[in-house]
Structures are given as C-alpha cells and as structure tokens.
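For reference, the structure discussed in these notes is given below.
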Amino acid sequence: MNPPNPKRPCLVHGVLVVKDDVLTLMDSQKAADELGLPKQELILSCPVPLPGDSQPETALAKISNKVQKDLVNWEVVTRRDDSFCIQSVDVSLRQKDQSTKFKILVKWLYEDDELGNYILRMVKSVLEE
C-alpha cells in the first residue's frame, strides 16, 4: 500500500465561470464569495471500532506514529489530545458515553478523498495488528 504522492497530478476542484465572455477556472470558495453564496462542503467520515483489548490512547498513538512514518512528504499536525490531521483528514478518538466503546473517527473533505481513504485503510491495518 503506497501513500498518495503529493506531487502527482490530481483532480482539480473548482468552478468554471463565464465573466465578460471569458471562461475561467476559479477556486470554489472564491466563486462562492463573489456570488455571495455559502460554500457547501461534503464531509465523509468513518468510525472504526477499537478491538476489545486495545487501550484507546495507545491505539491512537500507534496510528499517529505509522502515519508520520509512512507519509513523510505530508505535514501531520498533532493536537494535545493526540488526535491529528493531514490536510482535511482528521483522526480522533470518539466515545458516545461511558457505556460504549471507543472508536477511531476518520473524517475528511471530498476533495481529499484519496488521502482520506488511504489513511482509513492504514487505521484499519494498524488496529488489526
């Protein structure tokens, strides 16, 4: 499983705008701002249950270490609670209430779908070890 290459050509997410008979490709946020419209974002998420014998903080730390080791060309931002993000991909611990098990929640914007799915597969593989 190879990480996504940040220097590889990728899909362009934008808006084609015709203005004064000129067709231009604009950033979707800039186009929304010019039209006075709120930008709509599609956020994908997947909760991954922890195996019964896993300690939540230890599992999250293992995932974080694996991500930082494998994605050396990407900036990984780690927060105080050991959750972390890479671009729009956010990985954190979630527990609905004291009676439910912890889950690792992976969520990302549609624009980062390839990276989000890669990290989701990595989370699942680390938890299966």
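Assorted remarks:
- Helix 56-70 axis versus longest C-alpha principal axis of the chain: approximately 50°, rounded to the nearest ten.
- Beyond 21 Å in Cα-Cα separation lie the following of the pairs LYS66/LYS103; LYS7/LYS30; LYS103/LYS124; LYS66/LYS107: LYS7/LYS30.
- The residues of the stretch 1-125 have, on average, 69 Å² of accessible surface per residue, using a 1.4 Å probe with all protein chains present.
- Seen from GLY52, the other residues with C-beta closer than 15 Å to its C-beta sum to a net charge of -1, counting Lys and Arg as +1 and Asp and Glu as -1.
- Figure note: MET26, MET122 ranked by solvent-accessible area, largest first, 1.4 Å probe, ligands and nucleic acids not counted: MET26, MET122.
- Within the listed set PRO47, PRO38, PRO56, the residue fluctuating most in the Gaussian network model of the chain (springs between alpha-carbon atoms under 10 angstrom) is PRO38.
- Extension gain for LYS66 to GLU34 (0.36 nm times residue separation, less C-alpha to C-alpha distance): 7.4 nm.
- Descending principal axes extents, the chain, alpha-carbon based, whole Å: 63, 33, 22
The values are calculated or read from the model by the stated rules, or taken from the named source; none is laboratory data. Keep in mind it's a predicted model, so treat the numbers as computed, not measured. So basically every Cβ, Gly included, is an ideal-geometry build from the backbone, and we count neighbours across all protein chains shown. Areas reflect the complete protein model, heavy atoms only, side chains present, ligands, DNA and RNA absent. Shrake-Rupley method; radii C 1.70, N 1.55, O 1.52, S 1.80 Å.
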